Amino acid sequence: MGKKKEEKVMDDKVDVDRDDAASWWLVQKGIGASFICIALFALLVRVAVSLHPYSGAGNPPKFGDYEAQRHWMEITLNLPVTEWYRNSTTNDLSYWGLDYPPLTAYQSYVHGLFLRFFDPESVSLFTSRGYESYLGKLLMRWTVLSSDALIFFPAVLYFVCVYYTSHNNSRRNDIVWHISMLLLNPCLILIDHGHFQYNCISLGLTVGAIAAVLSQKDLVASFLFTLALNHKQMSAYFAPAFFSHLLGKCLRCKNPLLEVIKLGLVVIGTFAVVWWPYLHSADDFFGVLSRLAPFERGLYEDYVANFWCTTSILIKWKRLFTVQSLKLVSFTATVLTCLPSMVQQVLAPSGKGFLYGLMNSSFSFYLFSFQVHEKSILLPLLPASLLALEEPRPFRWLTHHALFSMFPLLYRDKLILPYMAMYALYTLLYLTPGGRSRLKKTDPSSSIASIMIGFLYLCSSILHIVYLTIRPPEKFPYLFEAMIMLMCFPQFVLCAFYSNAKQWLLSKHSTIDKEKKLI
């Protein structure tokens with residue numbers, strides 16, 4: 001009994017020391033002031049992007065994502081919670097029906113209260129459809145900005161404190177550069193503050209969960225990631241990495257079963273609290289669940305640079321196979337491609353391996369899962385951003401092609417000016433001292449590789465100009481979208497192979513280190 005108390009005291013001391021170390025590091029390095037300056041600049045950039053049009057602006061009858069988010073506020077404010085996902089005379093699900101988990105609905109309700117306080121007409125039932133007043137747009141933009149500032153920014157600070165506390169040899173320039181890459185990611189800013197979405201919430205919760213895993217607070221990580229899953233079901237892209245890493249850690253504990261049960265209880269408990277209004281009736285529960293898996297939309301949307309859309313040029317998947325068959329095939333392909341990464345983390349869990357695992361599992365989903373959208377590239381891009389200091393060149397390569405893959409979507413939203421401005425800003429920030437110092441250490445060993453990289457950059461630049469200045473032939477109206485897709489898809493596959501190889505090399509290095517210690 002005394003031994004257990006002693007162990008508990010030592011564990012508590014380790015946690016306190018770790019927290020103190022993070023605080024000491026923040027003060028000693030002076031990163032707190034740098035973070036605040038970067039955060040303020042990042043907020044100003046978001047405000048500047050939000051001054052431009054959004055998805056579906058002035059485009060009746062259904063408008064776009066902006067109207068979908070506003071409509072959800074209208075529905076959650078004016079209908080009982082059990083009616084939010086149910087088709088009725090007051091809630092026509094064919095007009096932007098809620099298709100995200102309950103946490104998104106609760107977020108819509110809170111933001112709806114904010115809108116109703118200042119502009120009641122913007123969320124009034126029936127009469128507010130297509131509402132686009134200046135005040136209404138200002139309030140809607142503010143809800144995204146505040147979500148970013150209250151959730152994503154603190155999560156990034158938490159990650160930076162945890163990540164660099166264990167990297168004592170990191171220079172201040174490197175850390176400041178990494179913060180800039182995370183807070184000024186052009187893809188996330190353009191989608192959330194231009195196109196109009198709330199990815200900052202689910203991604204912020206995920207970053208918080210990742211930081212908690214790295215700081216050995218696995219129960220907190222399980223809670224935060226479960227919240228992310230309950231905000232956007234696309235957070236499931238990261239689920240295999242979280243599951244395999246936490247399972248691998250549990251298997252190395254004295255009582256693995258107890259650790260697994262503790263994590264399971266946190267996950268189940270969090271799900272139960274979020275889904276509580278829908279657990280009293282099987283009809284309500286399955287009604288919500290059916291809304292989260294819109295298989296009727298098809299295998300993919302638009303010209304997304306994943307396996308199914310790219311190969312559909314040669315193989316007409318939708319004609320050859322039923323929806324049920326495609327669901328099974330896509331599920332199998334997704335599981336098989338993320339399985340190697342999961343096995344590595346179960347066998348040899350590590351912080352760096354976990355970050356690579358997040359990138360690998362999210363790429364598996366993006367490339368092979370059912371119903372993928374262009375915006376889904378934000379998910380593989382998140383762990384790539386967290387690894388930016390370790391992998392500056394792959395991060396830059398992925399960011400470039402992620403942004404390029406969303407170009408047709410942003411063009412339709414009339415966001416070309418902020419698109420170019422954000423890309424220019426990102427390039428300038430990338431080439432600041434912190435970025436240049438990392439690039440010198442990772443210069444391509446082959447001049448042929450440098451020439452190939454330069455050639456691909458040139459091709460994408462030319463294709464941008466062609467897309468903006470030349471009309472496609474009438475017989476092939478989506479020719480240029482297909483060309484962009486065909487350029488981006490191989491790069492995403494290359495990044496996925498590279499990330500998987502890097503993760504498995506970690507196991508090799510750890511084995512070599514153990515052998516050296518034995519010698």
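The values are calculated or read from the model by the stated rules, or taken from the named source; none is laboratory data. Computed from a predicted structure; not experimentally measured. Positions of Cβ are backbone-derived with ideal geometry, glycine not excepted, and every protein chain shown enters the neighbour counts. When the accessible area is computed, the model is the full protein with side chains, heavy atoms only, and any ligands, DNA or RNA have been set aside. Shrake-Rupley method; radii C 1.70, N 1.55, O 1.52, S 1.80 Å.
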Exercise. Compute the signed sum of charges (Lys and Arg +1, Asp and Glu -1) over the other residues within less than 11 Å, Cβ to Cβ, of Asp65.
Key: 0
Quiz item: Which ³J(HN,Hα) values in Hz, rounded to whole numbers, follow from the phi angles of the stretch 276-284 under the Karplus curve 6.51 cos²θ - 1.76 cosθ + 1.60, where θ = phi - 60° and Gly and Pro get x?
Solution: 3, x, 10, 8, 7, 9, 4, 5, 4
Quiz item: Got a number for carbon plus sulfur as a percent of the chain's accessible area, 1.4 Å probe?
Solution: 69
Quiz item: Per residue, how much accessible area does the chain have with a 1.4 Å probe, in Å²?
Solution: 47
Quiz item: If the chain between Leu463 and Val323 were fully stretched, how many nm would it gain, using 0.36 nm times the residue separation less the Cα-Cα distance?
Solution: 47.0 nm
Quiz prompt | ³J(HN,Hα), Karplus 6.51/-1.76/1.60, whole Hz, each residue of the stretch 39-53, x for Gly, Pro | solution = 4, 5, 5, 4, 5, 5, 4, 4, 4, 4, 5, 5, 6, 8, x
Quiz item: With a sphere of radius 11 Å drawn around the Cβ of Ile191, what net charge do the other residues whose Cβ falls strictly inside it have (Lys, Arg +1; Asp, Glu -1)?
Solution: -3
Practice problem: Output ³J(HN,Hα) for the stretch 360-374: one whole-Hz value per residue in order, computed from phi by the Karplus curve 6.51 cos²θ - 1.76 cosθ + 1.60 with θ = phi - 60°, and x for Gly and Pro. | Solution: 5, 5, 5, 5, 4, 5, 4, 7, 10, 7, 7, 6, 9, 10, 4
Exercise. Report which label in (i) -0.49, -0.75; (ii) -0.64, -0.82; (iii) -0.40, -0.68 holds the value of log10 I(q)/I(0) by the Debye sum over Cα atoms at q = 0.07, 0.09 Å⁻¹ derived from the coordinates of this structure.
Key: (iii)
Self-check item: Percent RCO, i.e. relative contact order, over the chain, from Cα pairs under 8 Å lying at least 6 residues apart
Solution: 17
Quiz item: Residues with beta-carbon under 15 Å from that of Gly208, excluding Gly208: net charge, scoring Lys, Arg +1 and Asp, Glu -1?
Solution: 0
